[in-house]
Amino acid sequence: MKISFFSKMAWRNIKANRKLYYPYSLSSILSVAVFQMMASLMTNDFVRQRSAALPSLFEVGTLVIGVFSVIFIFYVNSFLMKRRKKEIGLYSVLGLEKRHVARILVIENVMVSGLSILTGLLVGVLFGRLSFLFLNYLLDLPNAMGYSTSWEMTGMTALLFISIFTLTLLYNIAQVTFSNPIRLLKGGKEGEKEPKSSPILFVIGLLSLGAGYYISLTIDNPISAVNQFFIAVLLVIIGTYLLYTAGSIIILKALKRNKAFYYKPGPFISISGMLYRMKQHAVGLANISILSVMVIIAVSTTVTLYAGTEETLNNRFPEENNLSVMTDEEMSSRELKETIESVQSDLNEISSEEGYTMTDQYYFRYMTLWGEMEGSTLAFQDFQGGSEIPLMVLVMPMDDYNRLAEEPVTLSGNDLLFYTPDPDLNRDSLTLFDKTFDLKQINDMPGVMNGMSQLIDPILLVTPDDSTLDTLRNQRNSELAEYPVTLSADFFWSLENSQNSTEYATRIQESLRDTDYPVGLFYESRDGNREDWYSTNGGFLFLGIFLGGLFTIGAVLITYYKQISEGYEDKERIQIMQKVGLDKETTRQATHSQILWMFTLPILTAALHTAFAYPIVQKMLMLFGITSNTLFTLTTLGVVMGYSLIYWIIYRVTSKLYLSIVE
Amino acid sequence: MTFMDVKHIKKIYTSKLGSKGTEALKDVNFAVEKGEFISVMGESGSGKTTLLNILSTLDSATEGEVYLGDQPLSSIKDKEVSRFRREQLGFVFQDFNLLDNFTLKDNILLPLVLSRKSVDEMEKTLQPLVERLGIAHLLHNYPYEVSGGQKQRAAVARALITQPKIILADEPTGALDSKSSQNLMEILQDVHQNGQTILMVTHSARAASYSSRVLFIRDGQVYHELYRGQKDPDVFIDSISKSLLVSSKGRV
């Protein structure tokens, strides 16, 4: 009987406070749903199988969302409790013991959080499926993305949120237990202290942000970029939080000290208002900024990948048909040349038998070495040596270079043509195995070789003749006999009138299988790879848009709750000021400028973070064969503008909510 | 010289259902002379707060008119009403209505800031005022750091800083202990002696005894008034108490 009394009371309380509980439940439900969807993606087949980096990227993403959920639910809860303190104080005054009040709080919490978690999971499962259906329909990818509801992750979501709600409950009970009824009665009105400015935290924030930015700007190696990326992300997140919490107060206080500026109606009302609430709201603003960066990066990179698929294909495959030739360590460059030429004539024969004409045929021979520049000596080593990633050195003979390059060169016995992307490595002469060569610099590698420079920018050396190449290889192999290097070659051709077809590719594939050339051959057609690339990049695009949507929901949620809670907090202040003679016009102006700041600050921060993340992200994109900057730049700009527009709409709607509460 | 004229004020509150309204003020008539300090006394529900709200332009009368000087309050347009309130009236409230996010100084300066006065002018007006009120040393404190009496003195300073035509005070001693109450009333008396017109609504005979005239209000009508004349507050309080005692029996 007693239990039913308390549960009736709890239920009545929830109903009576529904104006506060609606946003509270809505926020809880959406937090649960967002986390459930994010966690479910970790078990998605595409995420697990397509790329090695993807699962860890999603783990970090899920972790960030989890941390945000904890912060957000506590924030939402503290707002609710502040509004309800008076009511709870009244219970004590009316004679309920503290354990009775605690019992009511427990029942309320179980009702609201239980309902929120269940609804949230349901929304997560349904919305996840629906949005996958919708995105599949919208993007029309060659392979539809499958969505699997992971029951394991759903259980984990439930567990996480049960723990969060239990923690908030304990916090609330502690608050009720440790304060007396009179103070609770005054609760909502109790003045909060003016926040103290902390220059130390501010400096730490600056340093952390600076370090994060520095990593992004100076990183030059995409292979190590993936790890450094996470460190940079962490540093920037820490920096953002510290700067928002400490920096905002320092800046506002400085503005306040400027009397001529401060003592005017607009700034007077808005600066004091912002300063007063910064303590709680700085975290909210930092969250919005970080979520916004995540939206922008997720969407712009995946859109770039997808839109750049053709570029990737063109880089990988300079012509429609590509044949890689691999040799053993005995074969000389002369023998290689003869072999390629006989393969070439065989291929021409087969093609014309089938009614095709081969055009744009060319090949180049090369060898790949790893080494280190010591003064003007290039010392070669094995790729596995040391933690530092060594220089990649491509060596090719002059004849082959002249076939690829726009401007042919002539080299005499002691000359080497030299290209390096790193101006620090420029030399006049270079010593290789005790022989010193004169270097002739060129400014760029032949475009055909773009496909070879995806991971690391290589050095290019062009030898005057074939025998120099052979000599270098032999010297290298006698020095490091355990890991011998071999010559390779790439042979490209297209067909007249672009008559390439799957049948042709299959025919070539088959004819090469039954031959007994003294070399290994590997054939690929650009067309044959196209679908593969589009389906992979389409998958990334899909995930990017899905994640962008999830993070946007998160940002919307925080903005919405912030406006509502600020509305309730400002209501009384504005009323007092209106009694003393503040007119509606000035109220509007002041609140508008205040809301505008709260709106632009996160979006500006997000844009700045994106700008500094640009180099690191661009290098990561090179892993996927996107080498042109224009595409990524335009996409990022477009996404930033698009997102600002969405955020602006949210801001318009929520600031109306705010004004309707205040007035 | 008549300074504020309250003529046949009637206020009926109608509920949303629109059936029968509640009559808060029946027919209120009185005039305030320049430099007077008037107390309006009455029990809860007598209509004194309604009256004050109408005088402060926070509410409007159903019938009748209030004139401040020659200006009927009902003629002030919505847009100008805030400015009017800011420049012509000063308010002191029972619960102080100070803003927690402003220091006492900023709270006091608020009406001047809203009127876009220059910083120099503000500082010049502020200094003598706070010294007179004895809160000069508290200017940089926040409301939650000072006592109730100090808060109310800051509120009085905020009301005075615009040099308003009239100060409207709503139970200013309502939330104060007796010592702070006495202190506040002495300050108001002092302000009055410097020529300021004050109209105060109060429960407390002790507070009312500092004023120059007391109006008694019951069932929405002024039914009695007392002038202090040359009487000492301690003597005046006796006549006020007697009047209240009689009124509580139902008849004058």
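The values are calculated or read from the model by the stated rules, or taken from the named source; none is laboratory data. What you see is a predicted model; the values in this text were computed from it and never measured. Cβ coordinates were reconstructed from backbone atoms using ideal geometry, including for glycine residues, and neighbour counts include every protein chain displayed. Calculation scope for accessible area: heavy atoms of the full protein, side chains included, ligands and nucleic acids excluded. Shrake-Rupley method; radii C 1.70, N 1.55, O 1.52, S 1.80 Å.
Values as computed for the structure displayed
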{"item": "Lys/Arg +1, Asp/Glu -1 at C-beta; the protein assembly as shown dipole; positive extreme among A:Gly567, A:Tyr363, B:Phe3", "result": "B:Phe3"}
{"item": "Interface area, A with B, accessible, probe 1.4 Å, both sides summed, Å² nearest 100", "result": "2500 Å²"}
{"item": "Stretchable slack from A:Gln441 to A:Leu133, in nm (0.36 nm times residue separation minus alpha-carbon distance)", "result": "105.4 nm"}
{"item": "Contour excess over end-to-end distance, with Cα ends at A:Leu170 and A:Ser498 and 0.36 nm allotted per residue", "result": "110.9 nm"}
{"item": "Over chain B, relative contact order from alpha-carbon pairs under 8 Å, at least 6 apart, %", "result": "26 percent"}
{"item": "Residues in the stretch B:98-146 that, when all protein chains are in place, have 40 Å² or more less accessible area than the chain alone would give (probe 1.4 Å)", "result": "B:Leu99, B:Asp100, B:Asn101, B:Phe102, B:Asp106, B:Leu110, B:Val113, B:Leu114, B:Arg116, B:Val119, B:Tyr142, B:Tyr144"}
{"item": "Exposure of A:Trp597 as accessible area (Å², to 10), given a probe of 1.4 Å and all protein chains", "result": "140 Å²"}
{"item": "Among B:Asp95, B:Asp190, B:Asp232: highest mean-square fluctuation, GNM of chain B, C-alpha pairs under 10 Å", "result": "B:Asp232"}
{"item": "Calculated FRET value between A:Ser163 and A:Thr43, using beta carbons and R₀ = 25 Å, to 0.05", "result": "0.75"}
{"item": "Cα long-axis angle, helix B:104-114 against chain B (0 to 90 degrees, to the nearest 10)", "result": "70 degrees"}
{"item": "Average beta carbon contacts from partner chains per residue of A:570-582, 10 Å cutoff", "result": "6"}
{"item": "12 Å reach of a label modelled at A:Ala307, 7 Å along Cα-to-Cβ, counting backbone N of the stretch A:635-657", "result": "A:635-642"}
{"item": "Solvent-accessible heavy-atom area per residue, rounded to whole Å², over the stretch B:45-204 at 1.4 Å", "result": "40 Å²"}
{"item": "Listed pairs A:Lys579/B:Lys117; A:Lys19/A:Lys86; A:Lys337/A:Lys440; A:Lys584/B:Lys117 exceeding 21 Å between Cα atoms", "result": "A:Lys337/A:Lys440"}
{"item": "Length added when fully stretched, A:Gln509-A:Val70, from 0.36 nm per residue minus Cα-Cα", "result": "152.4 nm"}
{"item": "Inter-probe distance in nm under a simple model that places probes 7 Å from Cα toward Cβ, at A:Leu425 and A:Phe522", "result": "2.3 nm"}
{"item": "Qualifying GluC sites (Glu not before Pro) in the stretch B:41-80, DSSP loop, other Cβ atoms within 10 Å at most 15", "result": "B:Glu43"}
{"item": "Estimated 222 nm signal from helices in the protein assembly as shown, with DSSP H stretches of n ≥ 4 weighted -39500 (n - 2.57), rounded to 500", "result": "-20500 deg cm²/dmol"}
{"item": "Net charge over other residues, Cβ less than 11 angstrom from the Cβ of A:Ser148 (K, R count +1; D, E count -1)", "result": "0"}
{"item": "Acute angle (nearest 10 degrees) that the helix A:629-662 long axis makes with the longest principal axis of chain A, alpha-carbon atoms", "result": "10 degrees"}
{"item": "Residues along the stretch A:246-276 losing 50 Å² or more of accessible surface when the other protein chains are present rather than the chain by itself (probe 1.4 Å)", "result": "A:Lys259, A:Tyr263, A:Pro265, A:Phe268"}
{"item": "A:His592 versus A:Asn180: modelled label distance in nm, points set 7 Å from Cα along the beta carbon direction", "result": "4.8 nm"}
{"item": "For the stretch A:321-497, accessible area per residue (1.4 Å probe, heavy atoms of protein chains only), Å²", "result": "47 Å²"}
{"item": "Size of charge dipole - chain A - debye, nearest 20, with Cβ of Lys, Arg +1 and Asp, Glu -1, no other charges", "result": "8780 debye"}
{"item": "Share antiparallel - DSSP beta bridges, the stretch A:321-497, percent rounded to 5", "result": "75 percent"}
{"item": "Carbon + sulfur, % of accessible area of chain A - ligands and nucleic acids excluded, 1.4 Å", "result": "60 percent"}
{"item": "Bridge type composition, the protein assembly as shown - antiparallel percent by DSSP, nearest 5", "result": "65 percent"}
{"item": "Nearest-0.05 FRET efficiency for B:Ser44 and B:Gln230, computed from C-beta distance (R0 41 Å)", "result": "0.80"}
{"item": "Acute angle (nearest 10 degrees) that the helix A:2-16 long axis makes with the longest principal axis of chain A, alpha-carbon atoms", "result": "70 degrees"}
